[in-house]
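*Asks:* Below is the structure I would like to discuss, written out as structure tokens.
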Amino acid sequence: MSEQRFIATPKRTKEILQKYQFTFKKSLGQNFLVDANILQNIMQKAGIDKSCAAIEIGPGIGALTEQLAIHADKVVAFEIDQRLLPILSDTLQAYDNVHIIHEDILKADIQKIIDMYFKPNQTIHVVANLPYYITTPILMKLLQQHLPITSITVMMQKEVADRMSAKPNSKSYGSLSIAVQYYTDAKILATVPKTVFMPQPNVDSSILQLTMRQTFPVAVNDEDYFFDLVQACFAQRRKTLRNNLLAYFKNRLAKETVESVLQQAEIDGTRRGESLDMAEFARLANAFQIAEHA
Ligand code: SAM
């Protein structure tokens with residue numbers, strides 16, 4: 001198919017929108033991609049080829065779905081907006097390897113869909129231009145459910161991509177960085193101008209790639225306990241670790257116990273949360289968990 005006829009061009013997108021009298025719903029984060037070059041780039045960086053399967057979240061009118069259909073073996077796309085279903089069956093009629101599922105991704109049983117549509121042991125990549133209002137819940141769901149996914153390559157708000165991929169001692173580093181990097185190796189592939197979207201969003205965007213880890217980078221005794229403690233260490237960014245921990249354990253542990261656990265874990269309480277790397281947080285969480293349950 002000639003590039004001129006790809007869905008992801010301003011001309012073709014306008015034609016489709018007009019034909020169906022489609023009006024954007026801001027509440028559903030509808031900013032459609034109108035730049036085929038960016039999509040080709042995403043296909044390449046995501047490693048999409050005819051041996052693999054792809055999951056898309058929010059196909060819109062099918063700009064990215066079309067590229068996935070061309071490059072992957074099979075595509076499953078979840079779309080919440082019913083108005084887009086007849087449009088997608090029109091725009092994607094040339095491709096018989098796409099299944100559109102009319103469902104809220106946050107409610108979907110993704111493992112069941114994988115079992116239904118993909119070959120056993122097929123490499124699965126998630127690729128999406130995410131609805132920005134639920135970027136974090138979508139990604140945390142994908143990460144925490146231990147799905148058989150190899151990588152996630154997604155367009156999202158630049159500020160959120162910065163936080164997910166941030167390293168210690170940077171402004172964007174926080175509990176979200178730890179949560180995402182516990183499960184994946186996170187890399188920003190590109191920053192994207194607003195002009196590649198229709199309508200243009202108010203914020204800048206980045207393409208973030210999350211490669212799922214085969215083994216966890218640190219050993220934690222209890223994942224929930226670990227993530228709660230990390231969050232507590234960032235509760236008030238300007239406060240020292242000691243003060244955040246004293247506030248967090250106020251009704252649970254004596255002040256002296258908090259001090260002695262810090263010493264045991266060999267972490268200086270005058271440091272700030274943002275200076276600790278994941279291994280130090282793991283040491284701290286394991287030491288507090290043992291102290292609390294002793
Ligand atoms: N992939 C298309 C593109 O790049 O042109 C559209 C991307 S647009 C940023 C986000 C899409 O996600 C919209 O089609 C929107 O209707 C859909 N969406 C929003 N919330 C959703 C949800 N909870 N579950 C599934 N799809 C959702």
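*Asks:* Report the normalised scattering of the stretch 3-212 as log10 I(q)/I(0) at q = 0.16 Å⁻¹, calculated by the Debye formula with identical scatterers on the alpha carbons.
*Replies:* For the stretch 3-212 at q = 0.16 Å⁻¹, log10 I(q)/I(0) is -1.06.
*Asks:* Given +1 on the Cβ of Lys and Arg, -1 on the Cβ of Asp and Glu, and no further charges, what dipole in debye does the chain carry about its Cα centre, rounded to the nearest 20? Don't jump to the answer; show the numbers that get you there.
*Replies:* Numbers: 32 positive and 31 negative charges, 165 e Å.
I would put it at about 800 debye.
*Asks:* Quick check on the chain: helices-only [θ] at 222 nm, where DSSP H runs of length 4 and up contribute -39,500 (n - 2.57) each and the sum goes over total residues. Nearest 500, please. Show your work: numbers first, answer last.
*Replies:* Details: 12 runs with 117 residues, N = 294.
That calculation yields -11500 deg cm²/dmol at 222 nm.
*Asks:* Could I ask something else about it? Among all the lysines, which ones have a C-alpha under 17 Å from Lys255's C-alpha, if same-chain residues fewer than 8 places away are not counted?
*Replies:* Lys239
*Asks:* Ranked from highest to lowest mean number of other Cβ atoms within 10 Å per residue, what is the order of the peptides 35-43, 260-268?
*Replies:* On the way: 35-43: 19.4, 260-268: 15.7.
Order by mean packing, descending: 35-43, 260-268.
*Asks:* Can you check what the net charge comes to around Met278, using other residues whose Cβ is under 14 Å from the Cβ of Met278 (Lys, Arg +1; Asp, Glu -1)? Numbers along the way, then the final one.
*Replies:* Working: positive: Lys167, Arg213, Arg283; negative: Asp185, Glu223, Glu274, Asp277, Glu280.
My count for the surroundings of Met278 gives -2.
*Asks:* How far, in degrees from 0 to 90, does helix 223-233 lean away from the longest principal axis of the Cα atoms of the chain, to the nearest 10?
*Replies:* 70 degrees
*Asks:* Select from Gly174, Gly29, Gly62 the residue whose mean-square fluctuation is largest in a Gaussian network model of the chain (Cα-Cα springs shorter than 10 Å).
*Replies:* With Cα springs under 10 Å in the chain, the top fluctuation among Gly174, Gly29, Gly62 is at Gly29.
*Asks:* Which FRET efficiency value, to the nearest 0.05, do you get for Thr195 and Lys239 by plugging their Cβ-Cβ distance into 1/(1 + (r/R0)^6) with R0 = 41 Å?
*Replies:* Values: r = 41 Å, r/R0 = 1.00.
Efficiency, rounded to the nearest 0.05: 0.50.
*Asks:* Please name whichever of Pro120, Ala265, Pro59 sits farthest to the positive end of the charge dipole of the chain, dipole taken about the Cα centre and charges placed at Cβ: Lys and Arg +1, Asp and Glu -1.
*Replies:* The residue sitting most towards the positive pole is Pro59.
*Asks:* Sum up the lysine pairs in the stretch 57-205 that clear both bars: alpha-carbon distance under 12 Å and a spacing of 8 or more or different chains.
*Replies:* Number of lysine pairs found: 4.
*Asks:* Between Arg5 and Ser89, what's the calculated FRET efficiency when r is the beta-carbon distance and R0 is 22 Å? Round to 0.05.
*Replies:* Details: r = 17 Å, r/R0 = 0.80.
In this case the efficiency is close to 0.80.
*Asks:* Let me ask something else about it. Along the charge dipole of the stretch 3-212, which of Ile42, Gln93, Ile105 sits closest to the positive end, that is, farthest toward it, with unit charges on the beta carbon of Lys, Arg, Asp and Glu (+1, +1, -1, -1)?
*Replies:* Ile42
*Asks:* Using the Cα centre of the stretch 223-292 as the reference point, and only Cβ charges (+1 on K/R, -1 on D/E), how large is the resulting charge dipole? Debye, rounded to the nearest 20. Could the numbers behind the result be given before it?
*Replies:* Values: 10 positive and 11 negative charges, 89 e Å.
So the dipole magnitude of the stretch 223-292 works out to roughly 420 debye.
*Asks:* At a 10 angstrom cut-off on C-beta neighbours, averaged per residue, how do the peptides 218-225, 203-210, 120-127 rank from highest to lowest?
*Replies:* Values: 218-225: 13.6, 203-210: 21.1, 120-127: 18.2.
With the highest mean Cβ count within 10 Å placed first, the list reads 203-210, 120-127, 218-225.
*Asks:* Given 0.36 nm per residue, what is the gain on full extension from Asp204 to Ser260 after removing their alpha carbon distance, in nm? Write down the numbers at each step before the final one.
*Replies:* Working: separation 56, 0.36 × 56 = 20.16 nm, distance 4.50 nm.
Stretched out fully, the Asp204 to Ser260 stretch lengthens by 15.7 nm.
*Asks:* While we're looking at this one, here's another question. Can you check what the net charge comes to around Pro86, using other residues whose Cβ is under 12 Å from the Cβ of Pro86 (Lys, Arg +1; Asp, Glu -1)?
*Replies:* Taking every other residue near Pro86 into account, the sum is -1.
*Asks:* Within a Cβ distance under 13 Å of Lys239, other residues only, what is the Lys/Arg minus Asp/Glu net charge? Spell out each step's value before the answer.
*Replies:* Details: positive: Arg237, Arg238, Arg242, Arg271, Arg272; negative: Glu274.
Combined, the nearby Lys, Arg, Asp and Glu give +4.
*Asks:* Considering Cα pairs under 8 angstrom that are at least six residues apart, work out the relative contact order of the stretch 3-212 and quote it in whole percent. Present the calculation step by step, with values, prior to reporting the outcome.
*Replies:* Working: 369 pairs, mean separation 41.6, N = 210.
Relative contact order here is 20 percent.
*Asks:* Enumerate the calculated ³J(HN,Hα) couplings along the stretch 153-167 in order (Karplus 6.51 cos²θ - 1.76 cosθ + 1.60, θ = phi - 60°), each rounded to whole Hz, writing x wherever the residue is Gly or Pro.
*Replies:* Here the 3J(HN,Hα) series is 10, 9, 7, 7, 4, 4, 4, 6, 4, 4, 5, 5, 9, 5, 9 Hz.
*Asks:* Along the Cα→Cβ direction, 7 angstrom out, place labels at Asn221 and Lys107. What is the inter-label distance in nm?
*Replies:* That separation, rounded to one decimal, is 4.0 nm.
*Asks:* Select from Thr215, Thr184, Thr240 the residue whose mean-square fluctuation is largest in a Gaussian network model of the chain (Cα-Cα springs shorter than 10 Å).
*Replies:* Thr215
*Asks:* Suppose the chain between Thr270 and Asp115 were pulled fully straight at 0.36 nm per residue; how much longer would it get relative to their current alpha carbon spacing? It would help to have the intermediate numbers written out before the result.
*Replies:* Numbers: separation 155, 0.36 × 155 = 55.80 nm, distance 5.00 nm.
Between Thr270 and Asp115, full extension yields 50.8 nm more.
*Asks:* Still on this structure, I have one more. Between Ala190 and residues 5 or more places away or on another chain, which pairs have amide H atoms under 5 Å apart, with H built 1.01 Å from N, and which residues are they?
*Replies:* Ile207
*Asks:* What angle do you read, to the nearest 10 degrees and between 0 and 90, between the alpha-carbon axis of helix 278-293 and the longest principal axis of the chain?
*Replies:* It is inclined by approximately 60 degrees.
*Asks:* Now for a separate question. What angle do you read, to the nearest 10 degrees and between 0 and 90, between the alpha-carbon axis of helix 10-19 and the longest principal axis of the chain?
*Replies:* Computed tilt is about 70 degrees.
Where a number appears in this text, it was derived from the coordinates with a stated rule and is not lab data. Keep in mind it's a predicted model, so treat the numbers as computed, not measured. Here Cβ is always computed from backbone atoms with ideal geometry, including for glycine, and neighbour counts include all displayed protein chains.
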